[in-house]
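The values are calculated or read from the model by the stated rules, or taken from the named source; none is laboratory data. Keep in mind that this is a model prediction, so the values were computed, not measured. In this analysis, Cβ positions are derived from the backbone assuming ideal geometry, glycine residues included, and neighbour counts consider all displayed protein chains.
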Amino acid sequence: MPNYISQIEKIVLDIKTNEDNLKIDLINFSESIETKEEIASSCKELFNYSMSDSLLEFYSQIQSFELQWSIKDSHSLTLFDGDKNLPNLLYGSIKINPWWQILPEENWDNNIWFLDDDPSVLEVEKKLRPFDYFNSDLSGSACFYIDSNNHISDELLFFSHEGGYCFSKDYSESYINDMNSGLRLEKYIGILVKTRGWGIWQRIYESMKRGMKKEGNMSRYNHYMSQLFDNYDFSKIT
């Protein structure tokens, strides 16, 4: 089984060992105190939902993890061609909340869905639950989807109410089923480790998965990340 605790610890360590260039702006990390069986039972009792075994495994190890990092003013990085200053996209953001905070529908009113949305759109949005709420300014999140059997699988969908990560104005439940990226939880955490939660990797991933033109930020990502870390080839991310 994946050791999610060691993967989270690696992300934090990679940021801390780059202390000449990086600073941690916020960090909260809590290991779980619940077993898979306890989580499954509480989830059913409190919300009438069931979770996939792999999702239960994650939450039996990790209760929550939040990390925000940025570049120090005193950095020694070589600027990317054309950059006069460091781009405002060079930061990291991860926000994984406890499962019992994720599941209540009312927690996401006016956050990832809005009551004045088109009714058919709102019906679909209300079945989404943010696993990694990485950009609250745009409701940017990697979400689980609650199916018609009240079951939550470990497949993640990228959602942004305003940022255009994956949805358009005409999306529907059938659209969601058709566009599932196949990005399972274990792979998502693996990419977080490789990107260290870099702020817009999800946008690049989604555009590459759909065969769209590669994000212009990819070259900038490779330029800066190769100076900070053991770099990861983003072209292999899908």
For this session: Name the residue, out of ASP137, ASP132, that is in a helix (DSSP H, G or I) and either under 20 Å from GLY197 (Cα atoms) or of a type in the set (Phe, Trp, Tyr) (or both).
Result: ASP137
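Rundown of residues vs (1) surrounded by fewer than 13 Cβ atoms within 10 Å (Cβ to Cβ); (2) in contact with a strand residue (DSSP E or B) (Cβ under 8 Å, 6 or more places away or on another chain), yes/no style:
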| residue | (1), (2) |
| --- | --- |
| LEU26 | yes, yes |
| SER32 | no, yes |
| THR35 | yes, no |
| SER42 | no, no |
| GLU45 | yes, no |
| LEU55 | no, yes |
| PHE65 | no, yes |
| ASP73 | yes, no |
| PHE80 | no, no |
Exercise. Picking from GLU106, GLU31, GLU66, which residue would you name as being among the charged types (D, E, K, R) and either in contact with a Ser or Thr (Cβ under 8 Å, 6 or more places away or on another chain) or modelled with pLDDT under 95 (or both)?
Worked result: GLU106
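When you look at SER181, is it among the polar types (S, T, N, Q), at pLDDT below 80, surrounded by 16 or more Cβ atoms within 10 Å (Cβ to Cβ) and more than 16 Å from TYR59 (Cβ to Cβ), yes or no?
In short, yes.
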Exercise. If you go through the stretch 114-145, how many residues are among the β-branched types (Val, Ile, Thr) and over 21 Å from the mean Cα position of the chain (by Cα)?
Worked result: 1
Seminar exercise, completed: Across (1) within 14 Å of ILE189 (Cβ to Cβ); (2) aliphatic (A, V, I, L, M); (3) surrounded by fewer than 14 Cβ atoms within 10 Å (Cβ to Cβ), ILE94 clears everything bar (3)
